[in-house]
Structures are given as structure tokens and as C-alpha cells.
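The values are calculated or read from the model by the stated rules, or taken from the named source; none is laboratory data. Keep in mind that this is a model prediction, so the values were computed, not measured. Glycine gets a Cβ as well: all are built from the backbone with ideal geometry, and neighbour counts include every protein chain shown. For accessibility, only protein heavy atoms count, side chains too; no ligands or nucleic acids. Shrake-Rupley method; radii C 1.70, N 1.55, O 1.52, S 1.80 Å.
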Amino acid sequence: MSAPVAVFEDGGVRITKIGPMGPYESNAYIVRDIGQGESLLVDMPLEEGDLLDALAADGNVRQIVATHWHPDHWMTYDAVRRATNAPVFVGAAEIKIPEERIDGRLGDGTEIRLGSSRITVLHTPGHTPGSICLRVGRAVISGDTLFDSGPGRTWEPGDLETLIASITAKLLPLGDDTEVMPGHGANTTIADSRRQFAVYERHPHPAGHHGDVAWLANAVEGATEPKG
């Protein structure tokens, strides 16, 4: 595979990160219960060849979860469905997804069973109404809710406030060493995110601001980090 691959293990769970991939620096994640040998795929971005190679190497993806509706997280949907024949799930409040393309919806606090492991669904609206993150042991797969340098892109007045409320209520209270695995770009930790957000809190954008925000450069419009 040409895409970078990194492995994070915590107890009986292994998370394989495939990416960043393609023009959007997208990431996909294969979460595997090591003891039971069952896996779950998070998101279906480009590049198709790299992702299909990773799925073949794993060999037992039983479920697929999309963190939100944006097309860059669904670009290999057809190929992934053919390769795995696995059901696809999204957040309970997510919009703009034809019901025939999914097999179920996941509410806040839902526990996904993966072998003997449990993955907790966190509803984190703001980037989209039904965005979700997945708590997997000492990691959180954050979709486009939280990145290495700030929150995901927002689109309308009020969205940034909603997104920050999601981050402060659901993600920043997690343990300092929690690995944050975003939908685009590099990983970070909750400790680093909390420190950077504290800087932003002292000089926040005015109410109604939307677009890209970087915690440490919040006065600059159009931050360069990928924001889904």
C-alpha cells in the first residue's frame, strides 16, 4: 500500500489507521477485537486501492460506521460494500443520507459490540447535525469534529458554538492520554487539545462566526489545516 499505515493498540483492541490518503488527506480506521478476530471500519474515503488492500489484509470487517454524511467520507462506499458485505451505520440525527444506503442509526451512548469489546458512540453535532465520534478504549475516533489544531469546519452561524459545546462536553473531559484520531490529517491527544482550546477560550471568535478555526491562530480567517 502507498498510504501510510499506523497501528494503535490498547488492551485487546487494535486500531489500524490508513492515511492520510488522497486529495483530502482523509483517514480510515479498522478497529479489531484481537481476541475474537472481528473488525469494524470507520469511514470510506479515497484511495480505493489502499483501503481495499487494508480490508483484505484484515479479512473480517463485520460492520462499517460513517462518522457523518459528507461525500469525502463515502467515496469508496460501493467498493467497500462489495468487498465486505458489511452493514453500514450512521449517527441517529444525521441528514442527507438515503436510507437505502444504510442499515441502521446509532444514538448517543450506544455501545457497539465488536467481539468482546465495546465501542461507545458520542453524538457531537456542529460539523454536521448527526456527526458522531467513537470512543474505543484509550482512543477516540473523532471524524471531522476535532483535529490536531482545532475543530472541524462549520457552515452556518451558530454551528461553531454547537461544535465547541460538543467538544467541551464529550471529548475534552476524556483522559489526558486519549489518542484523538481524526478524519483528516495527523493524530493528537486530549491533553494537547485541551491546552490549545484554553488559548482559544481567552480570545474566541465572536458569536456567529463560522468556517475554519485554528485554536492557536483563531484571528486568522481560512486556516490551512484540513477541516473536512
>> Give me, ordered by chain and number, the residues 5 or more places off GLY22 or on other chains with an amide H under 5 Å from its own placed amide H.
In response: GLU47
> What number comes out for the charge environment of ASP33, summing +1 per Lys or Arg and -1 per Asp or Glu over other residues with Cβ under 10 Å away?
Replying inline: +4
> Applying the Karplus parametrisation 6.51 cos²θ - 1.76 cosθ + 1.60 with θ = phi - 60° to the phi angles of segment 186-203, what ³J(HN,Hα) value in whole Hz is obtained for each residue in order, glycine and proline being reported as x?
Replying inline: 7, 6, 8, 10, 5, 4, 5, 4, 5, 5, 5, 5, 4, 5, 4, 4, 6, 9
> If you keep only loop residues by DSSP, which chymotrypsin sites (Phe, Trp or Tyr not before Pro) in segment 75-170 have at most 15 other Cβ atoms within 10 Å of their Cβ?
Replying inline: TRP155
> How far apart, in nm, are two points set 7 Å out from the Cα along the Cα-to-Cβ line at GLN36 and at SER116?
Replying inline: 1.0 nm
> Residue separation times 0.36 nm, minus the C-alpha to C-alpha distance between ALA92 and ALA207: what's the value?
Replying inline: 38.7 nm
>> Nearest 500 deg cm²/dmol is fine: what mean residue ellipticity at 222 nm does the chain get from its DSSP H runs of n ≥ 4 alone, each adding -39,500 (n - 2.57), divided by its residue count?
In response: -5000 deg cm²/dmol
> Share of segment 98-221's accessible area from carbon and sulfur, percent, 1.4 Å?
Replying inline: 53 percent
>> I'd like the Karplus ³J(HN,Hα) series for segment 125-133: coefficients 6.51, -1.76, 1.60, θ = phi - 60°, whole numbers in Hz, and an x wherever there's a Gly or Pro.
In response: x, x, 5, 9, x, x, 4, 10, 10
>> With every protein chain kept in place and ligands, DNA and RNA left out, what is the accessible area per residue of segment 46-111? Probe 1.4 Å, answer in Å².
In response: 48 Å²
> Of the GluC sites (Glu not before Pro) in segment 116-223, which ones lie in a loop per DSSP and count no more than 11 other C-beta atoms within 10 Å?
Replying inline: GLU221
> Helix 48-58 sits at what angle to the longest principal axis of the chain, using alpha carbons and giving 0 to 90 degrees rounded to 10?
Replying inline: 60 degrees
> For GLU179, which sequence-distant residues (separation of 5 or more, or a different chain) have an amide H within less than 5 Å of its own amide H, given hydrogens modelled in the peptide plane?
Replying inline: ALA139, VAL140
>> With Rg/Rh (Cα atoms, Kirkwood Rh) as the read-out, I listed (i) 0.95; (ii) 1.02; (iii) 1.09; which label goes with the value calculated from this structure?
In response: (i)
